[in-house]
Structures are given as structure tokens and as C-alpha cells.
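Participant: Below is the structure I would like to discuss, written out as C-alpha cells.
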Amino acid sequence: MYEGVVQDLIDELGRLPGVGPKSAQRIAFHLLQADRADVQRLSEVLAVVKDKVRFCDLCFNVSEDALCRICGDSRRSMSLICVVEEPKDIMAMERTREFRGRYHVLGGAISPIDGIGPDDLRITELMRRLGTEPIEEVIIATNPNLNGEATATYLSRLLAPLGMPVSRLASGLPVGGDLEYADEVTLGRAFEGRRLIGG
């Protein structure tokens, strides 16, 4: 344990997701050794982000305006909606350059262990969009883990009565991976999503 404000800084950094005690300590000492101007710039950017950044009124992506750049882009298809857990998932999807529709950010995944149920996610807002926008297909792109699968299953059952196509991103073995390191769920999904090859 360090004294006073140094320990306070380490504690606050340790509250960030993915930052453990050792990483928090390393970051804290980096900041202590950095130029005052660099630390001041970081402080100013953090303050500006909290003042200016909000969630898109339509899809809940991060934005500085009422609509994010994707929802505001008239070239994007209004008939396709891709449901993701977090705004960072949108950036991953956009890097593929495969999807030209719009998104809906749930704000997490169903996780009974963490006390997160369907009412804690933006599912009501999704249903409202499906009732007012000309959506022809919903693509569920939640993470391929237990919480993501539970969320996808819940959504597919909820959306079934609407009669519109609901699809799930295929998942399976990563390129360059070894079978011996794949878990049962990944292998199972790889078998389900297999395709014919050759002629």
C-alpha cells in the first residue's frame, strides 16, 4: 500500500475494466513520471468526453450528436438491423466492411450471476424500433459465450412471433487455431455451421 493520493490513484485506476492491481500500479507510476502537460491533456480529454459524448437516440452507439454517424448515414440500409452487446462491437463489425445496415446496442448481455436480466438491457427499445422501422431482418451478433448465447436465445424467442427473419452470426474455429484448444461450444458451432466444399 502506498500513501495518500498515490494509493487513491491506484485504487481508481484499478476500478477500470480489465485493469488489475499490478496494471493500475504501472499506469499510476507512468502518470507520476510523465510530463505535466501530458497528464493535463489526458485530464482535459476525459472531462470533454464526459461533457460531450452521449448515446445515440436511436441505436445507443456512442455519439457527440443526437444520432451517431451510422444512423445519420442515408446510404445505410434501414431494412437490416444488427443487435450487438456494446458500442465497441459496432467498431469490430465495421472493420469487416461486410454490413451496410444499422445497429442496436443492448448495453450488455443477460447474466443471471451478475444480476443482469432482460429488463436491464435495451430490449424494449429494440422492440419499439422493430414496430416503427421497416426492418426486414434482425441479425443477432452477441458474443459467442454463455451470456451472449443466453441473450441470443432470449431474443430469438422474443422475436419469433413477429415473423421476420432472425439470424445469428456464424461462429466456429478461428483461422490458425488448433482443434485440441477449442472448447465444446466452439466445436459444436463449427459443426453446425459447416458448408459443402468442392464440386
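The values are calculated or read from the model by the stated rules, or taken from the named source; none is laboratory data. Bear in mind the structure is a predicted one, so any value in this text is a computation, not a measurement. Every residue, glycine as well, gets a Cβ built from its backbone with ideal geometry; the counts of neighbours run over all protein chains shown.
Participant: Is it true that some residue in the range 120-132 is out of contact with any Cys (no Cβ under 6 Å at 6 or more places or on another chain), crowded, with 16+ Cβ neighbours inside 10 Å and outside the structural domain of Tyr103 (by TED's automatic domain parsing)?
Facilitator: no
Participant: OK, next. Can you pull out the residues in the range 51-87 that are of a type in the set (D, E, K, R) and under 19 Å from Thr142 (Cα atoms)?
Facilitator: The answer is Glu85, Glu86.
Participant: Can I ask one more? Could you check the range 104-199 for helices (runs of 4 or more DSSP H) lying wholly inside it with 1 or more residues that are at pLDDT 90 or above?
Facilitator: 123-132, 146-159
Participant: Please specify each residue of the range 1-21 satisfying the condition of being part of a helix (DSSP H, G or I) and small (Gly, Ala, Ser).
Facilitator: Of everything in the range 1-21, those that are part of a helix (DSSP H, G or I) and small (Gly, Ala, Ser) turn out to be Gly4, Gly14.
Participant: A further question follows. In the range 99-113, what count of residues is obtained for those that are surrounded by 18 or more Cβ atoms within 10 Å (Cβ to Cβ) and farther than 22 Å from Thr132 by Cα?
Facilitator: 2
Participant: Conditions: (1) modelled with pLDDT of 95 or more; (2) under 17 Å from the mean Cα position of the chain (by Cα); (3) not charged (D, E, K, R). Leu67 meets all but one. Number of the miss?
Facilitator: Of (1) modelled with pLDDT of 95 or more; (2) under 17 Å from the mean Cα position of the chain (by Cα); (3) not charged (D, E, K, R), only one is false for Leu67: (2).
Participant: Can you tell me which residue is surrounded by the fewest Cβ atoms within 10 Å (Cβ to Cβ) among those in the range 22-48 that are among the small types (Gly, Ala, Ser) and part of a helix (DSSP H, G or I)?
Facilitator: Ala37
Participant: Hey, another quick one. Between Val62, Val19, which is touching a Pro at 6+ places or on another chain (Cβ under 9 Å) and either of a type outside the set (S, T, N, Q) or modelled with pLDDT of 95 or more (or both)?
Facilitator: When all the criteria are applied, what remains is Val62.
Participant: In the range 57-98, what residues are touching a residue at least 24 places away in the same chain (Cβ under 8 Å), part of a loop (DSSP other than H, G, I, E, B) and surrounded by fewer than 17 Cβ atoms within 10 Å (Cβ to Cβ)?
Facilitator: Matches in the range 57-98: Arg75, Arg76, Ser77, Met78, Ser79.
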